[in-house]
Structure formats: C-alpha cells, structure tokens
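Visitor: I have a structure here, written as structure tokens, and I will follow up with some questions on it.
Please treat every number below as a calculation from the coordinates, not as lab data. The structure displayed is predicted, hence computed values, not measured ones. In this analysis, Cβ positions are derived from the backbone assuming ideal geometry, glycine residues included, and neighbour counts consider all displayed protein chains.
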Amino acid sequence: MKQGNKTKLRIINEANKLFYQQGFNATSFSNIVDATGLSKGNITYHFKNKQEILSGIVESRLADIDELLTAWNKEFPSPINRLVRFCEMLLDEQDNLKQYGCPMGTLTGELSKNQPALYQLTLPMFKRFQTWLLEQFTLLNFSSEQANENALELLSRVQGITVITHVFKDEKFLNKEISKLKNEIKNRYD
C-alpha cells in the first residue's frame, strides 16, 4: 500500500473511532489531528473537511459490511442460520454497544436530526443490511412485501436491543434478548 493510501486509511480509522465514541458534531478537526498525530495540512491534503472524512468512513464501513455479508453467505448455507448470525453480530461487540451504542445507529441518528445531507450519506449502511435481510426472507419464500416487512422488523428489533443495552449499560439484557430473538427466528421461520 502506498504511503498516501496508508495515511488516508489512518485518518479514516481514527476519525471513525472519534465519531463513534464522541459523535460527529462533538468531534472537532483538532481532535482528528490529535488522534492521528498528523498535521492539519496533511489531513486536509487528503480530506478538505469533516464531511469528506465522513464520506471516507461510510465508504469504508460499506466495504466492511459487504465483506461481512459475503462471508456469511458463504459460511452459512441456510437463510435461517444467516439471520441468526446477523443477531449474534451484536454479541461480538457487546462492550462497545454497552459503552457507545450501535456505530451505524448513533451516527445516522445524530445526523438525521438536523443535517439532512450528511444523514443521506450515512443511510446506505442501513439500506445495505435491509437489502441483505430482504434477500434472506425472499429465500425463505416470503412474498416481496412480507420479506420487506420481516427485514425491517428484524432490523428494528436489533436496533432497539442495541439502544436499550446502551442506555442501561446492560450486557445481560443484550444476551437474553439476542437468545430470545435467535430462538424466535428458528421457530418462526424454519
């Protein structure tokens, strides 16, 4: 990897952590400078402003989501098992969820309040999961309307679990609710 690409990736990774832990609006350009250890000029050479950094972060997150979903599609032959794995994803990140909430949900929620252009920039992350979930329910022979309803229901339930886990800082709740949701998926859709 070329040095310029390494620097760009470093900026994206550090800013991503800051946006997740502090929020987009609470993170200043100076915070990004401090976190990266780079000069402001070096950062602005790669990204003119925070919005461009956010665009880079969303692109990176979308690539990570695509990689994750592709791996699940290969690893789990059954749509039921893929849906279960989708729920288990929360367990992989329970410490972060408890501390900071959902990386997608907190960022998209923050920007949806009064920054419509930035909100539109982050929305594809949710849409990527929604589309994948819809595909799983379609494979389970649901009509397109039912598949979409089921996809949105599961996405909203998982998001609700992350919100309550974060608000109450309760890993036991997370584990209990994910276990219930997994059992419900197996019983309801199998």
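Visitor: In deg cm²/dmol, rounded to 500, what helix-only [θ] at 222 nm does the chain give when every DSSP H run of at least 4 residues adds -39500 (n - 2.57) and the total is split over its residues? The partial results should precede the final answer.
Guide: Values: 10 runs with 162 residues, N = 190.
Theoretical 222 nm ellipticity from helices: -28500 deg cm²/dmol.
Visitor: Oh, and also: Kindly state, to the nearest 0.05, the FRET efficiency for Arg188 paired with Ala35, given R0 = 35 Å and r defined as their beta-carbon distance.
Guide: My answer for the efficiency is 0.20.
Visitor: Oh, and also: Restricting to DSSP loop positions (anything but H, G, I, E, B) with no more than 13 other Cβ atoms inside 10 Å of their own Cβ, which trypsin sites (Lys or Arg not before Pro) remain in region 28-97? Spell out each step's value before the answer.
Guide: On the way: sites: Lys40, Lys48, Lys50, Arg61, Lys74, Arg82, Arg85; in loops: Lys48.
Here the trypsin sites (Lys or Arg not before Pro) that fit, given the DSSP loop and packing criteria, are Lys48.
Visitor: Relative contact order for region 54-189: what percent, with Cα pairs under 8 Å and sequence separation of 6 or more? Please report the intermediate quantities before stating the final value.
Guide: Details: 107 pairs, mean separation 47.3, N = 136.
With pairs under 8 Å counted, the relative contact order is 35 percent.
Visitor: If you don't mind, another one. How large is the dipole of the chain about the Cα centre if only Lys and Arg carry +1 and Asp and Glu carry -1, each at its Cβ, rounded to the nearest 20 debye? Working shown, then result.
Guide: Numbers: 24 positive and 22 negative charges, 94 e Å.
Computed about the Cα centre, the dipole is about 440 debye.
Visitor: Which Rg and Dmax, in Å, describe the Cα atoms of the chain?
Guide: Considering the chain through its Cα atoms, Rg and Dmax are 18.1, 56 Å.
Visitor: Given the options Asn49, Asn148, Asn73, which has the most mean-square fluctuation in a GNM of the chain, springs set between C-alpha atoms less than 10 angstrom apart?
Guide: Judging by the Gaussian network model, the answer is Asn49.
Visitor: A follow-up question, please. Count the lysine pairs in region 17-92 whose Cα atoms sit under 27 Å apart, keeping only pairs 8 or more residues apart in sequence or on different chains.
Guide: Details: Lys17/Lys40; Lys17/Lys48; Lys17/Lys50; Lys40/Lys48; Lys40/Lys50.
Going through region 17-92 pair by pair, I get 5.
Visitor: Work out, step by step, the length gained on full extension between Thr44 and Asn81: first 0.36 nm times the residue separation, then minus their alpha carbon distance; give nm to one decimal. Don't skip to the answer; put the middle values down first.
Guide: Details: separation 37, 0.36 × 37 = 13.32 nm, distance 4.43 nm.
The Thr44-Asn81 span can extend by a further 8.9 nm.
Visitor: Relative to the longest principal axis of the chain, what angle (0 to 90°, nearest 10) does the C-alpha long axis of helix 116-139 take?
Guide: 30 degrees
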